[in-house]
Ligand code: AMP
Ligand code: ZN
């Protein structure tokens, strides 16, 4: 079933627009990925959670998706890190790439189809730069680097709605750093000429001499190579709008003469005390910081997911604790449903599911309105909990409710995680032996087996309808 009315805010047109795949079936998404010079902080992860929600929602609505998330292993920060540590770029970045994938697993973020690294696409970057130089859209600066001339691209500023005239006064002509502010709107670097003292032995050869690509051209090259032009959706955090995405458009469209991206979607920042969470301000937490404190991936996922992506999310430990409590409420409800054994049908559940399902779908279709979608889930829990209290729900109806929750969890991704975790064999065996021991009234053995299970991180819940294993 394809629900054709999924609407998403487009940064460029400043309107919510219907998502329709250009090729009629597959939505091609490019998402700016991590710069692997350190562990990701939970601000970065908020952007990836938003992209995961978008991806899962599109699939829920029946679309197929091809997603590319680049891995930035060449930029000012990765080079500096490798040189400071006196190791190769690969040795420096690889542990952070691995850690990034671990973070995605912890947060139950679905895998993209492609994770290209910048170092694997230098040739394609050079193809673009060479053509732009040939067309005189790019030029060699006095420092030997190649710059993109923004005057040669008449649409420059169309994404971030820049008033170029007012910004250009006083701005320097060229900027060679990867990141800069709007006040410095100027020609940006495509190929950074090698400087021995700064770059050590990290460089690539090119027709313009030794050097390395600028950060912006990396994404254009990987996006065009893997997805082509007219990309259905391009995502990132709001800090990517300018200059990164503006520059991506300028380079790509000057190269292809086609529209680069049809729909731009940006997630707002995660903030702490009113300021963007960032490495440079030192006000950040990594996922590891929070899991070490005892919060689970699903608690953190819920916390990052629950606020609409276009609203700033203020991180506090109170909000994380509240997230944990909300998750627990849902999990308790799931347990309750699983324990229902009654065979008598009351025919009260179907209408509740139908109503809340419609509300859930409508909410997600409206620019991923996650708070309304979660409200639908909590309303359903409240209503069905009343039915359970009054013993007005059958086993069959409980299973229908679980089926509904499973469907919604293909979008939410934090309810049915444990079922994917494989219980270790020794725990399962001990659990079965304990059942027999209790049946035979060998309580000493049963207690020993319970302790063994506990040592492996599981607890046994003795419920009226039998015992159950649960993660500690
Ligand atoms: P970086 O590794 O700095 O290139 O950032 C990777 C992604 O995280 C980009 O999409 C950024 O826009 C996003 N990002 C960085 N800081 C934050 C923050 N505090 N809140 C939300 N997203 C962020
Ligand atoms: Zn990018």
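The values are calculated or read from the model by the stated rules, or taken from the named source; none is laboratory data. From a predicted model like this one, the values you see are computed outputs, not experimental measurements. A quick note on method: Cβ atoms are made from the backbone with ideal geometry, for glycine too, and the neighbour counts reach across all protein chains shown.
Note on region 174-212: among residues that are part of a loop (DSSP other than H, G, I, E, B), at pLDDT 80 or above and out of contact with any helix residue (DSSP H, G or I) (no Cβ under 8 Å at 6 or more places or on another chain), the one that is nearest to residue 249 (Cα to Cα) is 176. Of 132, 190, all but one fail to be over 23 Å from residue 81 (Cβ atoms) and either assigned by TED's automatic domain parsing to the domain that holds residue 97 or under 28 Å from the mean Cα position of the chain (by Cα) (or both); the exception is 132. Filtering region 30-49 to residues that are more than 13 Å from residue 78 (Cα to Cα), away from ligand 2 (no atom under 13 Å from the Cβ) and outside any helix (DSSP H, G or I) leaves 40, 41. The residue of region 230-261 that is farthest from the chain's Cα centre (by Cα), among those that are surrounded by fewer than 21 Cβ atoms within 10 Å (Cβ to Cβ) and not in a helix (DSSP H, G or I), is 257.
Does residue 10 satisfy the criteria of being within 13 Å of ligand 1 (Cβ to nearest atom) and either closer than 27 Å to residue 120 by Cα or in contact with a strand residue (DSSP E or B) (Cβ under 7 Å, 6 or more places away or on another chain) (or both)? For residue 10, the condition - within 13 Å of ligand 1 (Cβ to nearest atom) and either closer than 27 Å to residue 120 by Cα or in contact with a strand residue (DSSP E or B) (Cβ under 7 Å, 6 or more places away or on another chain) (or both) - is not met. Taken residue by residue, region 87-97 has at least one member that is buried (at least 18 other Cβ atoms within 10 Å of the Cβ) and more than 14 Å from ligand 1 (Cβ to nearest atom).
Under the condition of being farther than 20 Å from residue 150 by Cα, in contact (Cβ under 8 Å) with a residue 24 or more places away in the chain and away from ligand 1 (no atom under 16 Å from the Cβ), the residues counted in region 209-223 number 3.
The numbered conditions (1) out of contact with any strand residue (DSSP E or B) (no Cβ under 7 Å at 6 or more places or on another chain); (2) touching a residue at least 24 places away in the same chain (Cβ under 8 Å); (3) in a strand (DSSP E or B) are all true for residue 469 except (1).
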